[in-house]
Amino acid sequence: MSHRIARLLLFSACLLVVIGCWGCSAKPAIQPNGEMKTEVKRVVDGDTFEISNGEKVRLIGVDTPETVKPNTPVQPYGKEASAYTKKLIEGKQILLRFDVEPRDTYQRLLAYAYLPDGTFLNEKLVREGYARIMTVPPNVAYADLFLQAEREAREHKRGLWGDEQPDKPIQDEKRANEAQAGLIKGNINSKGEKIYHLPGSKDYDKTKAEVLFQTEEEAKAAGFRSPRR
């Protein structure tokens, strides 16, 4: 065999190895509004977990108190939320369903999770008081359901709503970050009216964001209006 042929065969073999490795590391394509069955390998915190293929999943529409965020102290009720999610899903087969955007900027999967008995995990975390709602368009399929679940949890003082948690500094920091990011707050009042508030407006700082929008167009498209003067 000539040296030229040997070099060609060696190059071809190396190329196949590189292509094979690239294929292993590439994240699988996920279709909007699709679904997949998987096993939960490890729970990271109350709203994030790792599945059998190594990918991380962030639950859509809910936000549990922080426990593992860098440079952030463990927030009240965070450990309880993490333990609750771990008890429900770690090591178990679950069904993931996706919305319009199946990945976030960190390339984590964004999903609604269902337990083997059909329990809707996202909703359960909110209804039992382990999470607050965090609606980020365009993934809003169950925004109204989550809002109703949070109201029920607050009325019955479940979980993190059970007593006066010392989280005011955390909420103040969250509001400051929202304003800095230019996020528009959407709020649904006691009459069911959907109203959005712009950063810097009179009621912005004291308004609880039930939905966040990047633009006024997004807010209006979701049925929200500006405050009446």
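Tabulated values for the structure
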{"item": "Any chance residue 29 is more than 15 Å from the chain's Cα centre (by Cα), surrounded by fewer than 18 Cβ atoms within 10 Å (Cβ to Cβ) and within 16 Å of residue 121 (Cα to Cα)", "result": "no"}
{"item": "Restricting region 184-203 to residues that are in a loop (DSSP other than H, G, I, E, B) and closer than 22 Å to residue 151 by Cβ, the residue that is modelled with the lowest pLDDT", "result": "190"}
{"item": "Residue satisfying all of: in region 107-128; in a loop (DSSP other than H, G, I, E, B) and touching a residue at least 40 places away in the same chain (Cβ under 8 Å); surrounded by the fewest Cβ atoms within 10 Å (Cβ to Cβ) among these", "result": "107"}
{"item": "Search result, residues across region 85-106 that are of a type in the set (A, V, I, L, M, F, W, C) and assigned to a loop (DSSP other than H, G, I, E, B)", "result": "98, 100"}
{"item": "Total residues in region 204-229, condition aliphatic (A, V, I, L, M) and outside any strand (DSSP E or B)", "result": "4"}
{"item": "Residue count for region 46-71, restricted to those that are buried (at least 16 other Cβ atoms within 10 Å of the Cβ) and free of Cβ contacts under 8 Å to residues at least 12 places away in the same chain", "result": "1"}
{"item": "Qualifying positions in region 132-151 - surrounded by 15 or more Cβ atoms within 10 Å (Cβ to Cβ), part of a helix (DSSP H, G or I) and of a type in the set (D, E, K, R)", "result": "150, 151"}
{"item": "Qualifying position, being modelled with pLDDT of 85 or more, closer than 24 Å to residue 41 by Cβ, touching a Gly at 6+ places or on another chain (Cβ under 6 Å) and among the hydrophobic types (A, V, I, L, M, F, W, C), among 81, 153, 131, 113", "result": "81"}
{"item": "Extreme residue, farthest from residue 117 (Cα to Cα), among residues of region 77-96 that are surrounded by fewer than 16 Cβ atoms within 10 Å (Cβ to Cβ) and either in contact with a helix residue (DSSP H, G or I) (Cβ under 7 Å, 6 or more places away or on another chain) or touching a residue at least 12 places away in the same chain (Cβ under 8 Å) (or both)", "result": "79"}
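The values are calculated or read from the model by the stated rules, or taken from the named source; none is laboratory data. If you're wondering where the values come from, they're calculated on a predicted model, not measured in any experiment. Don't worry about glycine lacking a Cβ; one is built from the backbone with ideal geometry, like all the others, and counts go over all protein chains shown.
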